[in-house]
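Following: one structure in C-alpha cells, then a few remarks.
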Amino acid sequence: MLQFHHIGIGTARFEDAVARYQSLGYELFVDLNDPGLNVRVAFLRRAGEPLIEVLAPLSEGGPLDALLKRRAIPGPYHTCYAVEDLAAGIEYLRERGFMPLTEPAPALAFGGRPVVFFYERDIGQVELVEKPPFGCDAFAGASHVT
C-alpha cells in the first residue's frame, strides 16, 4: 500500500542546506517555488539512497514557518510515502489512527500530483503523494528534472 519515497528536511537556510547535501555527493534535480503550499522545494538524489527533500517557507504564516519559529527544526520533520490511489491511502492511514493535517492539494514538485499530510503522535508527520513522477521503482515510467 505505502512505498517509502523521501524524507523532508525543513530549514530557513535553503541554499546552505542544499549546498551541504551537494557537498555530501547528492545531486540537485528539482528546485522550485510552490506558492500554493507556501514553500521552496528542492529534491536531491544519490545513487542507491533515499531522496532528500529540502523545504523552506516562501513567506510567514504557514505550517513550516511555525515549526521553524518554534525551533522544532531544521532537520527531518516528515516521511513521505507514494501511493497508487490517494483516496485509498488516506483511508488506510485513517483506519490506523493517523490524524489528517491538510486536505489533498496539488504539489508543483510532483508535477501537480496531490499530496496530503497526516500526524501520528508516535512517529510525527507523514505525507502521501499519489503516483510521484520520480523516486520509486513502482512509478519508474515517469521522470522529472528541473
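Just so you know, all these numbers are worked out from the coordinates, no wet-lab data involved. Everything quoted here is computed from the prediction, not taken from an experiment. When we count neighbours, we look across all protein chains shown, and the Cβ atoms used for this are built from the backbone with ideal geometry, even at glycine.
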Computed over the chain: relative contact order in percent, which uses C-alpha pairs under 8 Å that are six or more apart: 25
Relative packing of peptides 76-86, 98-108 - highest average C-beta neighbours within 10 Å first: 76-86, 98-108
Environment charge of R45, counting only residues whose C-beta is closer than 11 Å and scoring Lys/Arg +1, Asp/Glu -1: -2
Among beta bridges that DSSP assigns inside the chain, antiparallel share in %, nearest 5: 75
Separation of the L28 and E49 label points, Cα + 7 Å toward Cβ, nm: 1.7
Spacing of the two label points (7 Å from each Cα toward its C-beta) at E60 and F4, in nm: 3.8
Span from the region 36-60 Cα centroid across to the region 6-32 one, whole angstrom: 7
Gain in span if fully extended, A88 to E15, counting 0.36 nm per residue against the direct Cα distance: 22.7 nm
Ranked by how many other beta carbons lie within 10 Å on average, peptides 14-25, 54-65 from highest: 54-65, 14-25
